[in-house]
Amino acid sequence: MIRNVLGAIVVLSLISLSPIALRAEGPSNFTVKSPLDGTKFELAENRGKTVVLHFLLKTECPYCLRYTHEYALLAAKTPEVEHVFLKPDTDSEIKSWVGHLDAKDLKSLPIVYRDPDAKLAKQFDIPGGYQFHGQSVRYPALVVIDKTGKEAFRYVGKNNGDRMSVTDFTKKLDSLEAKK
């Protein structure tokens, strides 16, 4: 009897730590840092705002550059939504990559944060293991965390070019807001 109870406790505790439970209950607090200027983003400091996590690929992906540029333009128009761009690259790789962003129509370059070893991507259960530019990478993904801190929506691409368009994202965000 005691063994069954202990076994059930172990199973329940493992379930509560699973990524599925994480999504249902909302993510725990996390902090990421930008290698560009040392800026830090902490989820707990942004409660009350919609937060969009953009999980970018580890490489010199041109799709990531275009995608980041398009969402940076949207971010400038929607200050109530916090866009957090995440790359698992090294500090120097991120600095080099950001230098490739076309800044001519951006008021400022977006802040890109480092997700060392894709730790945060793993916490959010972003799948990995596909090959791109000779590297095994996690799939590109977008995760929306609502104002209460719970995950409201996610889009995980099937390949490096599969990203949610800004137009589709805006419609989805509007529909989520309308449900409240």
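Restricting the stretch 137-174 to residues that are out of contact with any strand residue (DSSP E or B) (no Cβ under 6 Å at 6 or more places or on another chain) and among the small types (Gly, Ala, Ser), which is farthest from Cys64 (Cα to Cα)?
Among those that are out of contact with any strand residue (DSSP E or B) (no Cβ under 6 Å at 6 or more places or on another chain) and among the small types (Gly, Ala, Ser), it is Gly149.
Can you pull out every residue in the stretch 126-136 that is surrounded by fewer than 19 Cβ atoms within 10 Å (Cβ to Cβ) and touching a strand residue (DSSP E or B) at 6+ places or on another chain (Cβ under 9 Å)?
Listed by number, the residues that qualify are Pro127, Gly128, Gly129, Tyr130, Gln131, Ser136.
Can you find even one residue in the stretch 164-180 that is closer than 13 Å to Leu57 by Cα, out of contact with any helix residue (DSSP H, G or I) (no Cβ under 8 Å at 6 or more places or on another chain) and hydrophobic (A, V, I, L, M, F, W, C)?
There is no residue in the stretch 164-180 that is closer than 13 Å to Leu57 by Cα, out of contact with any helix residue (DSSP H, G or I) (no Cβ under 8 Å at 6 or more places or on another chain) and hydrophobic (A, V, I, L, M, F, W, C).
Output the residue which, of all residues in the stretch 70-88 that are crowded, with 19+ Cβ neighbours inside 10 Å and in contact (Cβ under 8 Å) with a residue 40 or more places away in the chain, is nearest to Ala103 (Cα to Cα).
It comes out as Tyr71.
Within the set of pairs 6 or more residues apart or between chains, which connect a residue that is closer than 11 Å to Ala72 by Cβ and assigned to a loop (DSSP other than H, G, I, E, B) inside the stretch 98-119 to a residue that is at pLDDT 85 or above and of a type in the set (D, E, K, R) with Cβ atoms less than 9 Å apart?
Asp102/Arg66; Ile111/Asp37
Are any of the residues in the stretch 96-114 of a type in the set (Lys, Arg), within 25 Å of Ser34 (Cβ to Cβ), modelled with pLDDT of 90 or more and surrounded by 14 or more Cβ atoms within 10 Å (Cβ to Cβ)?
yes
Can you give me the number of residues within the stretch 140-180 that are farther than 16 Å from Glu82 by Cβ and part of a loop (DSSP other than H, G, I, E, B)?
11
The values are calculated or read from the model by the stated rules, or taken from the named source; none is laboratory data. Please read these numbers as outputs of a predicted model, since none were measured by experiment. With ideal geometry, Cβ positions are generated from the backbone for all residues, glycine too; neighbour counts draw on all protein chains shown.
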